[in-house]
Amino acid sequence: MMGRTCSGNCPVPFDIRSIARFPVGQTYRVGRVPAERLAAGTAGGHSSNEVDETKRNMLKLAVLAGVVGAAGGGIVGASLQYVSKPPLVGLAGYPKVQLLDLDGSPLTVTKVLSEYNLTTHEVITFNYPLTDEPNFLLNLAPPAGGSGGATNVPNGIGPQGSIVAYSAICQHLGCPAPNISYYPPGTCPQTFNGGSLDFYIHCTCHGSTYNAADRAANLTGPAVLPLPQVILEHDTTDDTIYAVNEIGPPVNGHLDTLQGSYGVGNSSQLSKQSPIVACNIA
Ligand code: FES
C-alpha cells in the first residue's frame with residue numbers, strides 16, 4: 001500500500017502525523033531531564049534539549065495554511081476576477097471596412113450589378129463588423145431588360161439604390177446562412193404585402209420571413225424583429241464599396257453587435273454558398 005511504502009521518507013514538507021499526536025495546546029518534551037534539575041526542583045522549565053511541540057506544530061500549521069491558502073487563494077482570486085470582470089472581445093465602434101470580391105480584389109458597384117441581381121439565388125455574404133457576424137449582400141434590381149424587384153430601397157447604394165446588406169443570422173433562434181437565405185421570385189410561390197412582394201429572405205429552420213426591400217422587416221414569424229441592416233457606402237471615385245455601420249436590433253446571439261468576437265479588420269471578403277430551400281412559410 002502506498003501509505004506503508006512511505007513510512008521513512010514521505011514526500012511531504014513535514015510529518016503531519018506529529019500534529020495529530022501533539023495537537024496545538026499541549027506541550028511535549030523530549031530528552032531527559034538532568035538529574036541536577038530534578039534535584040533542584042526546576043524540572044517544570046524547558047531545558048536546551050527540550051522541544052516545545054506546541055510552537056512547532058503551530059508553525060507547521062501556519063506553513064500548511066500558507067501553502068493551501070496560496071494555491072486556493074490564487075484559484076479563487078482568478079475565478080472572482082473572471083466573474084466580476086469577464087474578458088471583453090469586440091470593438092468600441094463601427095469601423096469602415098472595405099468589401100473584397102470572392103477573389104480578394106476590391107469589390108465594385110459595377111461588379112455587383114453585373115454579377116448579382118434580383119434573380120440570383122446564391123448566398124453571397126461578408127462578415128461585419130465581427131468575424132462571426134455574416135451579412136447578405138443583395139442587389140434587388142432586375143437583370144437588364146427585366147422587370148420587378150426593388151430600387152431606391154432604404155439605405156440602398158448604386159445607381160438604382162438597389163444594393164443592400166442584412167444580417168445573415170435569423171432573429172428567431174439564430175440559424176445562420178445558408179439556412180436563412182434570399183429567395184428570388186418564383187422560388188417558393190408566395191406573396192406578401194398584398195401580393196406585391198414575391199422575393200424575400202426566408203429561414204428554413206422555423207419559417208421566419210423578412211422583407212428584403214424594406215430594412216429586412218419581419219413578414220412571418222416566429223421571429224418578430226427585423227434583421228439588422230449593414231449600412232453600405234459607395235466611393236464613387238473608384239467605385240469601391242465599404243461597410244460603415246449597422247442598424248436595427250443586435251445581431252442574434254450577441255447582446256451587442258460590437259461585442260462577442262474579434263473585428264474583421266480593414267477589409268472583408270465575400271464568400272458564396274448554395275441556399276437551403278424549404279417552402280414552409282406560415
Ligand atoms: S431560427 Fe430562423 S425561424 Fe427559427
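Things worth noting here:
- The three principal axes of the Cα atoms in the range 97-273 give end-to-end lengths of 43, 40, 25 Å, sorted in falling order.
- Ordering Val224, Val277, Val97, Val164 by the number of other Cβ atoms within 10 Å of each residue's own Cβ, fewest first, gives Val224, Val277, Val97, Val164.
- Net charge contributed by nearby residues that have their C-beta within less than 12 Å of Pro176 (K/R +1, D/E -1): -2
- Short to long, the 10 Å bins of the Cα pair-distance histogram for the range 171-282 hold 13, 40, 34, 13, 1 percent of all pairs.
- Least to most buried among Leu130, Leu137, Leu173 (fewest other Cβ within 10 Å first): Leu173, Leu130, Leu137
- Taking other Cβ atoms within 10 Å as a rough exposure proxy, Thr125, Thr120, Thr110 sort from fewest to most as Thr110, Thr120, Thr125.
- Total formal charge among the other residues, if their Cβ is under 12 angstrom from that of Phe192, Lys/Arg +1 and Asp/Glu -1: -2
No value in this document is a laboratory result; all are computed from the given coordinates. As the structure is a computational prediction, the values presented were derived from the model and not from experiment. FYI the Cβ positions are ideal-geometry reconstructions off the backbone, even for glycines, and counts take in every protein chain you see.
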